[in-house]
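Student: Here you go, one structure.
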Amino acid sequence: MYAVIGAGPMGLAAARNLQKLDIPFTGFDLHSDVGGLWDIDNPHSTMYETAHLISSKRMTEFKEFPMADDVAAYPHHSSLKTYFQDFASQFDLRRHYEFSTRVLSVEPAGEQWKITTERDGQQQTRTFDGVLIANGTLHKPNMPTLPGEFDGELMHSCEYRTPDVFKGKRVLIVGCGNSGADIAVDAVHHAKSVDISLRRGYYFLPKFVKGRPIDTLGGKVKLPRPLKQRIDGAMIRMIIGKPSDYGLPDPDYRLYESHPVVNSLILHHLGHGDIQARRDIKKIEGKQVTFTDGQRKEYDLILMSTGYLLDYPFIDRQHLNWPANQDAPQLYMNVFHPAHNNLFMMGMIEAAGLGWEGRNQQARLVALYIRRQQQKAEAAKAFDTIKRERAGVTLDGGYDYIKLARMAYYVNKDEYLRTLAEHITELQSGLEVEEPTPVPAA
C-alpha cells in the first residue's frame, strides 16, 4: 500500500496513475474535498477571487479529461475547482482518500515509511510501502524582511482574497510575478493610488496574439535555444515594447531564463498612469517608503507579492536529500530520491508550458517505476542507477536560469518531456499498459 499526500492537481494525477496500474494506495488531504488551492473554499488555499489560469486550457488540461468547450480559454478558478471535482468523480478517486486529515509525520521504518495522521483530534500511525508527496509548492509565503518598521497594513499575497481591501488606500505592491501583476490590476479599480516596486526586470507576454492564446502559437518547428530566445524576444518587443517603455526596469537576463509574466493589462495601466513603477525599497519609516532612486511616498498598505518557499513540514529535510545550502531537494527529475526507491516528490516542478498533462506524465513514470520494481524488472534496476547518478542534475535545456529560490526547481519543458518519454518507454517495454480513451468534454 502506497500513500499519496495531497488531493490537488498533482495528487489527483498521482492517484489516477496508481489506479491505472492497480497499485493500492491511500490518499490524505487537509481539506474536505479535492482541488487543492484551486478550491477557494479550502481554508488552506492561497487563491484570490479574480484569479484565472495563466496558461490556456488546451495547453494545461489532462489529455484524457479535456475541459468543456464552453470553459473560457483562460478559466476562472471556479471553473477549475469544478474541473478537478469532475475528474475525481469520473475516475472514482475520492474513495481512496481520507479527507480533513493532516499528515503529522513521515519517517523511515526499515524499507517502508511510517506515517502519522490526525483527524478530528485523533491520531493514527500506519506503515506504507512508499510515499508520493504531492502537497503543492504554493503554501509557505516568502516574506522578506523590510528595511524598517511600517506603521500601515502589511500583508502577503497569500492572504489576499478580494480587492475590497484596497478601497481608498495608498497601495504599494512589492514584486511582480503573475500574482503581483494580477493584484496590482485589481487594486487600480479600488485604491486611492497604486505603485509597484520591482527589484529586477521581468518579461511581459500578452495572453492573446491574433485572437489565440499565446501558448498555442509556434512550437511546430523546434529552433535552437539562442535563436528561439532572439526571435521570440523580438516578437514580444514588436507587440508590446520593452518594460522600460512603461517605466519598469528591463531584464538583465534573456527571455525564458525566468518565468515570464503573462499579463499585458498591467502595462496598459502603467501606460495610463493608473499604476506607478517604483524601484527597490531602501528604507521604511512609519508610513513613508524611500526607494533606491531617492523617491519617497507614504502608503497605507504594502502587499508583498514575493512568492513562496518549498515546505514539507511533516518530513525531515535529510530524508529528501535537501542540503541546508540549497533552495530545493536534490532529486532526479525533481522527483526521484537517489537512495530511497519508494519516496517520490510529485509536482515539485515549474516550467513554462508544461501544464497538468506534463505533470500527469511525471505521475505515469512514477507509477510505472513502482510496478516494475514490484516485478523485479531489469528496467527498474537500470533506472535505480540513473536516478542515483543524476540526482540534482537540472534538466534546463541549456537555459541559464536566474538564481532565485523559485527557479531552483524550474526545468525546460521540452527537455523534461523528452526525458519523461524516454524513461516511460524504457519502463513500459514488456509491460502491457492500456492507453486510456479521452473522456469527451462535457
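Student: Tell me which strands (runs of 3 or more DSSP E) are completely within the range 244-313 and hold 3 or more residues being modelled with pLDDT of 95 or more, of a type outside the set (Val, Ile, Thr) and closer than 25 Å to CYS158 by Cβ, or say none if there are none.
Tutor: Of the strands (runs of 3 or more DSSP E) lying wholly inside the range 244-313, those with at least 3 residues that are modelled with pLDDT of 95 or more, of a type outside the set (Val, Ile, Thr) and closer than 25 Å to CYS158 by Cβ span 275-278, 301-304.
Student: In this structure, does ASP280 turn out to be closer than 18 Å to TYR399 by Cα and of a type in the set (D, E, K, R)? Let's see the steps before the verdict.
Tutor: Details: closer than 18 Å to TYR399 by Cα: no; of a type in the set (D, E, K, R): yes.
So ASP280 fails the test.
Student: Can you name every residue in the range 148-166 that is closer than 22 Å to ASN178 by Cβ and assigned to a strand (DSSP E or B)?
Tutor: LEU154, MET155, HIS156
Student: Only one of these is open to solvent by 40 Å² or more (accessible area, probe 1.4 Å) and either in a strand (DSSP E or B) or among the hydrophobic types (A, V, I, L, M, F, W, C) (or both): LEU12, LEU18, LEU30. Name it.
Tutor: Of LEU12, LEU18, LEU30, the one residue that is open to solvent by 40 Å² or more (accessible area, probe 1.4 Å) and either in a strand (DSSP E or B) or among the hydrophobic types (A, V, I, L, M, F, W, C) (or both) is LEU30.
Student: Would the range 109-121 turn up any residue that is open to solvent by less than 50 Å² (accessible area, probe 1.4 Å) and in contact with a helix residue (DSSP H, G or I) (Cβ under 7 Å, 6 or more places away or on another chain)?
Tutor: Here is the first cut: in the range 109-121, the ones open to solvent by less than 50 Å² (accessible area, probe 1.4 Å) are 109, 113, 115-117.
Of the ones still in play, those that are also in contact with a helix residue (DSSP H, G or I) (Cβ under 7 Å, 6 or more places away or on another chain) are none.
For the range 109-121, residues open to solvent by less than 50 Å² (accessible area, probe 1.4 Å) and in contact with a helix residue (DSSP H, G or I) (Cβ under 7 Å, 6 or more places away or on another chain): absent.
Student: Return the total of residues in the range 307-328 being within 30 Å of ARG199 (Cβ to Cβ) and either surrounded by fewer than 19 Cβ atoms within 10 Å (Cβ to Cβ) or out of contact with any His (no Cβ under 8 Å at 6 or more places or on another chain) (or both).
Tutor: The total comes to 14.
Student: Need pairs with beta-carbon distance below 7 Å; first residue free of Cβ contacts under 8 Å to residues at least 24 places away in the same chain and over 19 Å from CYS176 (Cα atoms) and within the range 272-295, second of a type in the set (Lys, Arg) and open to solvent by 80 Å² or more (accessible area, probe 1.4 Å); sequence gap 6+ or separate chains.
Tutor: Partner pairs satisfying both residue conditions: GLN288/ARG296.
Student: Separate question: Suppose we keep only residues that are outside any strand (DSSP E or B) and among the charged types (D, E, K, R) within the range 204-217. Which one would you say is most open to solvent (accessible area, probe 1.4 Å)?
Tutor: Here the residue is LYS210.
Student: With the requirement that a residue be open to solvent by 10 Å² or more (accessible area, probe 1.4 Å) and touching a residue at least 40 places away in the same chain (Cβ under 8 Å), what does the range 62-81 give you?
Tutor: LYS63, GLU64, PHE65, PRO66, ALA68, ASP69, ALA73, TYR74, LYS81
Student: Continuing with this model, one more query. Could you run through the range 182-198 and say how many residues are part of a loop (DSSP other than H, G, I, E, B) and either of a type in the set (A, V, I, L, M) or surrounded by 18 or more Cβ atoms within 10 Å (Cβ to Cβ) (or both)?
Tutor: Number satisfying all stated conditions: 2.
Student: Sort out which residues of the range 49-71 are assigned to a loop (DSSP other than H, G, I, E, B) and in contact with a helix residue (DSSP H, G or I) (Cβ under 7 Å, 6 or more places away or on another chain), and write them in order of number.
Tutor: THR50, ALA51, LEU53, ILE54, SER55, SER56, THR60, GLU61, LYS63, MET67, VAL71
Student: Output the residues belonging to the range 347-394 that are part of a helix (DSSP H, G or I), over 18 Å from GLU64 (Cα atoms) and touching a Pro at 6+ places or on another chain (Cβ under 9 Å).
Tutor: LYS387, ARG388, GLU389
Here is a yes/no grid of residues against (1) in a helix (DSSP H, G or I); (2) polar (S, T, N, Q); (3) within 22 Å of PRO24 (Cβ to Cβ):
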position: LYS81; (1), (2), (3): yes, no, no
position: GLU107; (1), (2), (3): no, no, yes
position: ILE115; (1), (2), (3): no, no, yes
position: GLN124; (1), (2), (3): no, yes, yes
position: THR127; (1), (2), (3): no, yes, yes
position: LEU146; (1), (2), (3): no, no, no
position: GLY168; (1), (2), (3): no, no, no
position: LEU172; (1), (2), (3): no, no, no
position: GLY180; (1), (2), (3): yes, no, no
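Student: Can you name the condition, by its number, that GLY11 falls short on among (1) touching a residue at least 60 places away in the same chain (Cβ under 8 Å); (2) closer than 21 Å to GLN375 by Cβ?
Tutor: GLY11 satisfies all of (1) touching a residue at least 60 places away in the same chain (Cβ under 8 Å); (2) closer than 21 Å to GLN375 by Cβ except (2).
Student: Residue under question is GLY201, and the condition is that it be in a loop (DSSP other than H, G, I, E, B), touching a helix residue (DSSP H, G or I) at 6+ places or on another chain (Cβ under 7 Å) and surrounded by fewer than 22 Cβ atoms within 10 Å (Cβ to Cβ); does it hold?
Tutor: yes
Student: Another question, then. Among the residues of the range 218-267, what is the count of those that are of a type outside the set (D, E, K, R) and open to solvent by 60 Å² or more (accessible area, probe 1.4 Å)? Don't jump to the end; show me each part of the working.
Tutor: So the first thing to find is which residues in the range 218-267 are of a type outside the set (D, E, K, R), and the list is 218-219, 221, 223-224, 226-227, 229, 231, 233-236, 238-241, 243-244, 246-249, 251, 253, 255-256, 258-267.
With the extra rule that they be open to solvent by 60 Å² or more (accessible area, probe 1.4 Å), the set shrinks to 218, 221, 223-224, 227, 231, 235, 238-239, 246, 265.
Number of matching residues: 11.
Student: Could you tell me whether the range 124-136 includes any residue that is β-branched (Val, Ile, Thr) and either under 20 Å from LYS282 (Cα atoms) or crowded, with 21+ Cβ neighbours inside 10 Å (or both)? Break it down into steps so the answer makes sense when it comes.
Tutor: Residues of the range 124-136 β-branched (Val, Ile, Thr): 125, 127, 131, 133.
Right, trim to either under 20 Å from LYS282 (Cα atoms) or crowded, with 21+ Cβ neighbours inside 10 Å (or both) and you get 131, 133.
Yes, some residue in the range 124-136 is β-branched (Val, Ile, Thr) and either under 20 Å from LYS282 (Cα atoms) or crowded, with 21+ Cβ neighbours inside 10 Å (or both).
The values are calculated or read from the model by the stated rules, or taken from the named source; none is laboratory data. Only a predicted model underlies this, so the values are computations on that prediction, with no experimental measurement involved. We place every Cβ from the backbone using ideal geometry, glycine too, and count neighbours over all the protein chains shown. To get the accessible areas, we keep the full protein, side chains included, count just its heavy atoms, and leave off ligands, DNA and RNA. Shrake-Rupley method; radii C 1.70, N 1.55, O 1.52, S 1.80 Å.
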